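Worksheet for the structure shown next.
The values are calculated or read from the model by the stated rules, or taken from the named source; none is laboratory data. Source: prediction; values computed, not measured. Cβ placement follows ideal geometry from the backbone for every residue including glycine, while neighbour counts extend to all protein chains displayed. Remember, those area values only see protein heavy atoms, side chains included, never the ligands or the DNA or RNA. Shrake-Rupley method; radii C 1.70, N 1.55, O 1.52, S 1.80 Å.
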Amino acid sequence: MDFSTPEQALKSLIRRSPALEDGILHVSKSLLTQFSSNLPTKEEEEEETESIVGQDVEGILQLLRGVGMGLDTVITTKTAVNSRWESLAVGLYLSMELLDGWSRRLWSKEGDISSTHYVDGPRLPSIVSSTQKDEEVLSTQQRVTTTPSSPTFVAAAGGNTTHALPPLLPVMVQFCECLLEICRGELEHSEPRVRTLIARAIGSHARFTSVWVSTRQQDDKEDECTERLMGQRRDISECIVFSLIHQYRFKRDNGDATDTAAAADNPKRLRPLDDTTGWRALETSLHSFASWIDGCGSDYWALQKSNTKIGLFDVLMVPTPEESQGNENEKETLLHILEQCCTSHVNRHVRAAALQTMEQLVKSAATAFSIESGRQDNEDNPLLDTSPLRSATGRILTVTLGDNWSQVRMAASVLCRTLFLAIKDDPTRVKLYPTLLPRMCLNRFYLAQGVKLYSQETWKLIFSTDGAVQVATHAAQISRFYSKMADADNHVVREAACQAIAELAQKLGTHPDYAPYLAPHVPVLLQALIMCFHDESWPVRDEACLACGTFARAYPDECRPELPVLFSRWVEQITDQIWSVREDAAVALGDAIVAYPYILQDLLPKIKEFMPGAKNQPPQTREEMLATHNNPELHTNSQLYSCGSLAPKLGRGSQSPRTVGGCSNCVMTREKAPWEATDGCIYMIRELCRATTTNTTLSPMLSDDVLLPLMEELLDVCRVRHFPQSDDLRATVWKQLPEIARGLGKQRFKRIYLDLCLDLLMTNLGDTSASQLSIHAAEQCCVQLAEFVGKGILRGRVCDDRQRDALDRCLALSQEGRGMMMGGEGNGMMGSPPQPMPGRISF
């Protein structure tokens, strides 16, 4: 079903297979020619708008209830509704579009009055460029403080309201009454799309009512219609709240979902659903409540009941009615129920829906008590420091910002941004920092891209100028939280914790003013990282390895007691099965050498020990390797895992069985290959050459007498060809050789090392039997070396004519491709984006 536009919804209903009954198809075709999301002009309205709209609502109601049951049908609890969910869904969507269209027609000021409640799932974050103007960056903030659908905002428009279309109001009031009656009966429909549209339709009705009340004309007819609309809005809210409380307390029945009386008589039949399936009525009630609040705007927080105010502050804060004598839940408030749904409910959909409801409560409160309203300092402001709503929101965020489900964590991130932007001018907001700041920091590194990017943008909006100051001030709370998350059950959280810990060392440890704030907590953070060194998930080990190197460089004195343990773990990971772990272990060792130059005397023997590993690799042909990879017996009857729940979890230590896996397949079960040790030595030699440019005291220790024998042995080992991965080994050499050359310096490299590398490089460049990856790496190496030492010098060092021709072709193709990317002749492919330094964490 396509619900992008009313026309597309009707077309998809007409072509639905199996086909719907003829009456529904006839109504759909008739509506397709009449219905439009754009409302008629005033001139068209004065002619025949009322009759056209009457036909529209009759057709929509026939889709909702079935053919032959239109606007004049008497509504009872036994009124049949069409059995096919498709026509019901389209009818709800058209009803929503019709009500939103009338709201836009009544709107008396510029701006968007569409819903800000996203029922269908987590929001997609908008990436804010650092070059944008301040007012563009704070567009989200402005959206919170001036909710367009707020009746207060509408009433402020004043002026001419002659476009308010009173002749159609009685038809719309009767239509709304029928629509809401259908929504009451379908709150627990089996189709999720129907439940979603019910929530959106309820929100559209509340928005239409709010806009009309703020712009109504003073005559008897309109006052009567206004009272009916407000009564409908009040009645549906009571129905939603009652359903929400009832479903929260009694969960769900194992039998008929609608037979609540039988469920109450036989409590043994009651059991909760699993933690992934939607909870139907409870989830829909939460979404409906959120949509309803969004439609009401600041009316929700009216404290005095009158003919034009709803006054549902009491509904939120007053204890709910007891269900029976002695009920232990009789003192629960609706706010408490929402808090429990956010934090304690087993179902992730319910938790996410409850968080979105809290978001709408905070957003509407920010509108009702904004600076523009003049009520910001009102003692009844629900966002004041001591208010129950703000306290409950803080407790909710403390739990849900660390939820195991990305869907819930995303909804919590949205609520967190909404709260902080709503209280941006309140100095007491700093009381929330000790608990929320660590969680907001960690989510900027969370694996789910939506959560990560949204959290990063939130940080820019809230802490645009004092982010580092706040992190340094709350270093104790952040360090304790990071250490705890490094031991979390979820391997994705452990990986994010390691990245966040590394950021502390990089951002605070290298700053002269902030480094002392973190220094007392370095031992605790270092122990957490060392624990992650033994993790079953290789990304966790990878990030822990990098973070330890960063800490060793930023806090050498604090890390010195743990240096023997760190050194042994770094050396062990140089031979890891994962290439990125090998590379990052070399990067960490490079940082450690800069901080502790004396460990070089222990590292060089290890490099010499690992270097010849490729020569000890057992012989194997490519066909034998592919046969092993494609052996069905090795990939059959394996455990299947849920990609959403990340279960079963990966073990935190090497003592757990190596056969345990996870949704991202981050456990490595095969033995280490000898050639991988040689591959790790390539990265280590690169880091040794880089270290000489960072710490001048290392230059005598890494003289040519030390490096030249290592390079000679490395290039000799890389000539092996008795196993398929030998091409990968040579590809690594060619990728790292330009970096090695830059570390050695132009003159030193040309004089001693260039001729040493050219023979193997040119051989690989012209070898048609080599892998395409190694040939491409050799080509890129030639291009970069030609830029570094000079094209003429590089070409002059090649003695063989065929090798020189291959080099010329390589350089010519590179120049031609570069000209195309710069806008030359032809439409060449766009160049790749700049890559970060290998192995470095990009913040």
Looking only at segment 434-454, which residues are among the basic types (Lys, Arg) and closer than 11 Å to residue 481 by Cα?
439
Looking only at segment 416-439, which residues are aliphatic (A, V, I, L, M) and crowded, with 23+ Cβ neighbours inside 10 Å?
419, 422
All but one of (1) assigned to a loop (DSSP other than H, G, I, E, B); (2) under 19 Å from residue 441 (Cα atoms) hold for residue 513; state the number of the condition that does not hold.
(2)
Among residues of segment 614-626, those that are open to solvent by less than 60 Å² (accessible area, probe 1.4 Å) and either under 21 Å from residue 545 (Cα atoms) or part of a helix (DSSP H, G or I) (or both), counted:
2
From the option list 458, 418, single residue qualifying as outside any loop (DSSP other than H, G, I, E, B), within 29 Å of residue 525 (Cα to Cα) and of a type in the set (Ser, Thr, Tyr) is 458
Quickly run through segment 754-804 and pick out the residues that are without any contact (Cβ under 8 Å) to a residue 12 or more places away in the chain and of a type in the set (D, E, K, R).
759, 767, 787, 801, 804
Among residues of segment 412-463, those that are in contact with a Leu (Cβ under 6 Å, 6 or more places away or on another chain) and free of Cβ contacts under 8 Å to residues at least 12 places away in the same chain, counted:
0
Cβ contacts < 9 Å: first residue under 16 Å from residue 684 (Cα atoms) and in contact (Cβ under 8 Å) with a residue 24 or more places away in the chain, restricted to segment 702-724; second residue of a type in the set (Lys, Arg) and open to solvent by 60 Å² or more (accessible area, probe 1.4 Å), any location; separation 6+ or different chain. Result?
710/608; 713/608; 717/615
For residues that are buried (at least 19 other Cβ atoms within 10 Å of the Cβ), among the small types (Gly, Ala, Ser) and either at pLDDT 75 or above or within 13 Å of residue 175 (Cα to Cα) (or both), tally how many sit in segment 18-69.
2
Single match in 494, 480 (criterion: on the phi < 0 side of the Ramachandran plot, in contact with a strand residue (DSSP E or B) (Cβ under 9 Å, 6 or more places away or on another chain) and either in a helix (DSSP H, G or I) or of a type in the set (A, V, I, L, M) (or both)):
494
Top-ranked residue of segment 187-214 - restricted to ones that are open to solvent by less than 10 Å² (accessible area, probe 1.4 Å) and of a type in the set (S, T, N, Q), ranked as nearest to residue 94 (Cα to Cα):
204
State the number of residues belonging to segment 542-564 that are touching a helix residue (DSSP H, G or I) at 6+ places or on another chain (Cβ under 6 Å) and open to solvent by 20 Å² or more (accessible area, probe 1.4 Å).
7
Restricting attention to segment 102-117, which residues are crowded, with 19+ Cβ neighbours inside 10 Å and modelled with pLDDT of 80 or more?
102, 103
Answer yes or no: is there a residue in segment 679-688 that is over 37 Å from the mean Cα position of the chain (by Cα) and open to solvent by 10 Å² or more (accessible area, probe 1.4 Å).
no
If you scan segment 522-540, which residues turn out to be open to solvent by 10 Å² or more (accessible area, probe 1.4 Å), closer than 17 Å to residue 563 by Cα and either assigned to a helix (DSSP H, G or I) or in contact with a strand residue (DSSP E or B) (Cβ under 7 Å, 6 or more places away or on another chain) (or both)?
523, 524, 527, 530, 531
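Conditions tested, residue by residue: (1) at pLDDT below 95; (2) in contact with a helix residue (DSSP H, G or I) (Cβ under 9 Å, 6 or more places away or on another chain); (3) within 23 Å of residue 424 (Cβ to Cβ).
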{"site": "463", "(1), (2), (3)": "yes, yes, yes"}
{"site": "477", "(1), (2), (3)": "no, yes, yes"}
{"site": "488", "(1), (2), (3)": "yes, yes, no"}
{"site": "511", "(1), (2), (3)": "yes, yes, no"}
Does residue 811 satisfy being within 23 Å of residue 707 (Cβ to Cβ) and either exposed (fewer than 14 other Cβ atoms within 10 Å of the Cβ) or not aromatic (Phe, Trp, Tyr) (or both)?
no
For segment 441-470, the count of residues that are under 21 Å from residue 511 (Cβ atoms), out of contact with any Asp or Glu (no Cβ under 9 Å at 6 or more places or on another chain) and buried (at least 21 other Cβ atoms within 10 Å of the Cβ) equals 1
So residue 739 fits all but one of (1) under 37 Å from the mean Cα position of the chain (by Cα); (2) buried (at least 21 other Cβ atoms within 10 Å of the Cβ); (3) more than 20 Å from residue 674 (Cβ to Cβ); what number is the exception?
(2)
Taking only pairs six or more apart or across chains, which ones have beta-carbon atoms under 6 Å, a first residue in segment 595-613 that is in contact (Cβ under 8 Å) with a residue 40 or more places away in the chain and open to solvent by less than 10 Å² (accessible area, probe 1.4 Å), and a second residue that is of a type in the set (Asp, Glu) and part of a helix (DSSP H, G or I)?
611/713
All helices (runs of 4 or more DSSP H) inside segment 737-815 with 2 or more residues being of a type in the set (Asp, Glu)
754-765, 772-789
